[in-house]
Amino acid sequence: MQTSFKSIPVRQQLPRLIRSGAVGVLSRRQAGDRAFTLLELLISIAIIAVLAGLLLPALSYAKEKARRAQCISNLKQVSLAMQEFSFDHEVYPWRLPPVDGGSQTMTQAAKSFQVMSNYLTTPELLVCPSDLRQRIDSIVLVKNTNVSYFVGIEAQEDQPNILIAGDRNIEGGRPKRNCPVAEVYNVATEFSKVEIPNAGWSKAMHRRRGNIALGDGSAHQVSAPELRDSLFGSGDDEGAFNNHILLP
């Protein structure tokens, strides 16, 4: 009588199954059941790509938010350094002649930071983390190309709401103006009541937002409308309401 594979234990059937090639067929079938098909692989890749597309903008936004916070911290320390300078010299750097240690008459924003080398802890404070400008090791050697922030050369010590520094991507002002307070001519940017409605931020940093430091030592992140409000409420002299700044 012919013996059926089913009536014999698997251990006894194994040599015959191997000779007949049945084991190879079974193993290939089992492997085929476990393997990804090309369609499944493509679907998996597509899902991963969609998830990456959703996560990367969120990560980019989080990084920019952190850089913006560091920028505000930089401006806060810059504004405090300006205040300390004014406490020691009774005026801001741009109102003090160079012979007395100030930056009056100097047409580069970097000069005002240079003369505050004893008040600024590190030159890295002068470069926004979102800016690609080159950092430098010494404040006394700093140039406009190493600075991310404008200087509010119209500011006087009794004006707590006036802009004394801010991100260089400010726009909408009238260029090549004279600023008698700092005794600089044909180089200042003016934000009078005529220009303020056009004030805003370029896309160079912070995604069309910016940071400013005020005369009271505070620093703030502001949108374009908030920037305009701040300029209108700066407290600059009504007889010469110009809000002059010096861009790096």
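Among all residue pairs at least 6 apart or on different chains, which show Cβ distances below 6 Å where the first residue, located in segment 224-241, is farther than 12 Å from Ser192 by Cβ and the second is surrounded by fewer than 16 Cβ atoms within 10 Å (Cβ to Cβ) and at pLDDT 95 or above?
So the pair list comes out empty.
If the requirement is being at pLDDT below 95 and touching a Pro at 6+ places or on another chain (Cβ under 7 Å), which of these qualifies: Arg67, Arg29?
Of the residues listed, the single one that is at pLDDT below 95 and touching a Pro at 6+ places or on another chain (Cβ under 7 Å) is Arg67.
Report yes if Asn178 is surrounded by 19 or more Cβ atoms within 10 Å (Cβ to Cβ), out of contact with any His (no Cβ under 6 Å at 6 or more places or on another chain) and of a type in the set (S, T, N, Q), otherwise no.
So Asn178 does not fit the description; no.
Collect the residues in segment 83-97 that are more than 14 Å from Val181 (Cβ to Cβ) and part of a helix (DSSP H, G or I), keeping them in residue-number order.
Within segment 83-97, Gln83, Glu84, Phe85, Phe87, Asp88, His89 qualify.
Being modelled with pLDDT under 95, surrounded by fewer than 19 Cβ atoms within 10 Å (Cβ to Cβ) and within 23 Å of the chain's Cα centre (by Cα), is that true of even one residue in segment 113-123?
So far as segment 113-123 goes, yes, one or more of its residues are modelled with pLDDT under 95, surrounded by fewer than 19 Cβ atoms within 10 Å (Cβ to Cβ) and within 23 Å of the chain's Cα centre (by Cα).
Within segment 203-220, how many residues are within 11 Å of the chain's Cα centre (by Cα) and either closer than 22 Å to Lys193 by Cβ or not small (Gly, Ala, Ser) (or both)?
Going through segment 203-220 one residue at a time, the tally reaches 8.
For Glu171, work out the one condition from (1) in contact with a helix residue (DSSP H, G or I) (Cβ under 7 Å, 6 or more places away or on another chain); (2) within 23 Å of Glu226 (Cα to Cα); (3) acidic (Asp, Glu) it doesn't fulfil.
Only one criterion in (1) in contact with a helix residue (DSSP H, G or I) (Cβ under 7 Å, 6 or more places away or on another chain); (2) within 23 Å of Glu226 (Cα to Cα); (3) acidic (Asp, Glu) is unmet by Glu171, namely (1).
Hey, Asp131 hits all of (1) of a type outside the set (Phe, Trp, Tyr); (2) within 19 Å of Ser234 (Cα to Cα); (3) surrounded by 14 or more Cβ atoms within 10 Å (Cβ to Cβ) but one; which does it fall short on?
Among (1) of a type outside the set (Phe, Trp, Tyr); (2) within 19 Å of Ser234 (Cα to Cα); (3) surrounded by 14 or more Cβ atoms within 10 Å (Cβ to Cβ), Asp131 violates only (2).
Condition first: touching a residue at least 40 places away in the same chain (Cβ under 8 Å) and within 22 Å of Ala69 (Cβ to Cβ). Now tell me which residues in segment 181-214 satisfy that.
Ala204, Met205, His206, Arg207, Arg209, Gly210, Asn211, Ile212, Ala213, Leu214
I need the full set of residues from segment 163-218 which are touching an Asp or Glu at 6+ places or on another chain (Cβ under 7 Å), in a loop (DSSP other than H, G, I, E, B) and modelled with pLDDT of 95 or more, in order please.
Correct list: Gly172, Gly173.
The values are calculated or read from the model by the stated rules, or taken from the named source; none is laboratory data. Treat the numbers as computed from the prediction; the structure is a model and nothing was measured. With ideal geometry, Cβ positions are generated from the backbone for all residues, glycine too; neighbour counts draw on all protein chains shown.
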